[in-house]
1. Restrict the check to the range 118-128 and report whether at least one residue is touching a helix residue (DSSP H, G or I) at 6+ places or on another chain (Cβ under 6 Å), at pLDDT 95 or above, within 16 Å of ligand 3 (Cβ to nearest atom) and closer than 17 Å to H245 by Cα.
2. Residues of the range 43-64 being in contact with a Lys or Arg (Cβ under 9 Å, 6 or more places away or on another chain) and under 18 Å from V10 (Cβ atoms), which ones?
3. Out of R202, R189, R151, R196, report the one residue that is more than 18 Å from the chain's Cα centre (by Cα), of a type outside the set (G, A, S), within 11 Å of ligand 1 (Cβ to nearest atom) and in a helix (DSSP H, G or I).
4. What is the number of the single condition among (1) under 19 Å from the mean Cα position of the chain (by Cα); (2) farther than 22 Å from R237 by Cβ; (3) of a type in the set (S, T, N, Q) that Q107 does not meet?
5. Quick check on my filter: what residues within the range 42-94 are away from ligand 4 (no atom under 14 Å from the Cβ) and among the β-branched types (V, I, T)?
6. I'd like to know if the range 16-31 contains one or more residues that are without any contact (Cβ under 8 Å) to a residue 12 or more places away in the chain, surrounded by fewer than 24 Cβ atoms within 10 Å (Cβ to Cβ) and part of a helix (DSSP H, G or I).
7. When residues of the range 219-228 are filtered for being closer than 12 Å to P187 by Cα and in contact (Cβ under 8 Å) with a residue 24 or more places away in the chain, how many remain?
8. For R93, are the conditions met, namely being buried (at least 17 other Cβ atoms within 10 Å of the Cβ), out of contact with any Ser or Thr (no Cβ under 7 Å at 6 or more places or on another chain), part of a helix (DSSP H, G or I) and of a type in the set (D, E, K, R)?
Amino acid sequence: MYYDLHTHTVWSDGELSATALVACAADAGVRVLALTDHDTVAGLEEAASAADIHGIVLVSGVEVSMSWQSFGVHIVGLDIDPSYEPLQRGLRRLQEIRRARAVAIVQALADAGLGDAREVLVREGVVSRTHIADWLVAQGHARDRAVAFKRFLARGGPGHVGVMWADMAEVVSWIRGAGGCAVLAHPTRYRLSSGRLQQLVREFAAAGGAALEVVTAGLDAGEIARLARLAEHYHLRASVGSDYHKPLPWRPHPGGLPDLPANCVPVWQERLRMQPRALV
Ligand code: AMP
Ligand code: MN
Ligand code: MN
Ligand code: MN
């Protein structure tokens with residue numbers, strides 16, 4: 001697949017620098033790459049320079065944290081102007097919420113007798129629960145990240161801290177105001193009933209959302225077809241993104257995803273800055 005429109009770097013919870021991510025994607029044959037770190041646009045400049053060197057297109061993106069009903073839902077913004085002031089202000093607010101949540105989690109883990117995790121608070125990029133999960137693994141409290149999330153950070157766990165992210169109208173207005181299109185990320189990962197998912201997609205379309213992430217890691221052909229029908233039904237476009245964080249044997253590399261089904265309208269259609277460079 002030439003397109004990969006959902007990836008992460010060390011500026012959020014990915015493992016690669018922006019330069020290394022772009023090199024990795026270019027090596028894997030990606031020609032149009034979106035960097036979409038959680039609640040930050042800090043890696044975009046470096047990624048754009050690296051993309052120039054490799055002759056690929058870098059789409060400016062971000063993955064914004066949103067609260068919808070009682071769920072944390074992620075909205076990817078693509079082809080945004082990262083300097084748009086209301087977007088920057090919104091992201092600063094989300095970064096502050098992240099920091100305050102991390103401090104509260106660190107305190108809760110200490111209260112639960114799990115040790116002093118303050119070191120996770122010291123980083124240049126945004127702080128994510130992933131960093132706390134990795135700390136729990138390094139301390140021997142959990143075998144891997146998934147166990148750390150399940151046992152300590154998920155609802156009911158000693159390190160669970162609920163937060164209110166941005167709401168849907170705000171997120172869509174920041175992204176659209178920045179000239180971008182809003183994409184509902186990994187729609188099957190919220191564990192919503194099919195009725196609830198339809199409600200989310202309907203409200204997202206009505207709020208000015210542009211697309212559904214129809215192809216993402218871990219979906220089978222049936223799930224992809226179902227999301228494609230959902231997008232079609234609500235007149236949304238379709239996006240493709242690996243949600244790449246780091247090399248893992250069971251996760252795709254950048255671009256390592258199937259094509260969009262034929263009934264989809266690609267999110268990049270008629271967007272000049274999202275077309276591959278001519279191969280000359
Ligand atoms: P945050 O945005 O700080 O709440 O952290 C959420 C991030 O943690 C997601 O973007 C995923 O990368 C990662 N994550 C969430 N749940 C799990 C899980 N069960 N196992 C491993 N990683 C997870
Ligand atoms: Mn993540
Ligand atoms: Mn996400
Ligand atoms: Mn992501």
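1. The answer is yes, given that some residue of the range 118-128 is touching a helix residue (DSSP H, G or I) at 6+ places or on another chain (Cβ under 6 Å), at pLDDT 95 or above, within 16 Å of ligand 3 (Cβ to nearest atom) and closer than 17 Å to H245 by Cα.
2. First, pick out the residues of the range 43-64 that are in contact with a Lys or Arg (Cβ under 9 Å, 6 or more places away or on another chain): 55-57, 59-60.
Matches in the range 43-64: S60 only.
3. Among R202, R189, R151, R196, only R151 is more than 18 Å from the chain's Cα centre (by Cα), of a type outside the set (G, A, S), within 11 Å of ligand 1 (Cβ to nearest atom) and in a helix (DSSP H, G or I).
4. (1)
5. Result: I53, I56, V57, V59, I80.
6. Yes, that holds for at least one residue.
7. The total comes to 5.
8. Spelling it out, it is not the case that R93 is buried (at least 17 other Cβ atoms within 10 Å of the Cβ), out of contact with any Ser or Thr (no Cβ under 7 Å at 6 or more places or on another chain), part of a helix (DSSP H, G or I) and of a type in the set (D, E, K, R).
The values are calculated or read from the model by the stated rules, or taken from the named source; none is laboratory data. Just so it is clear, the structure is predicted and the values come from calculations on it, not from any experiment. In this analysis, Cβ positions are derived from the backbone assuming ideal geometry, glycine residues included, and neighbour counts consider all displayed protein chains.
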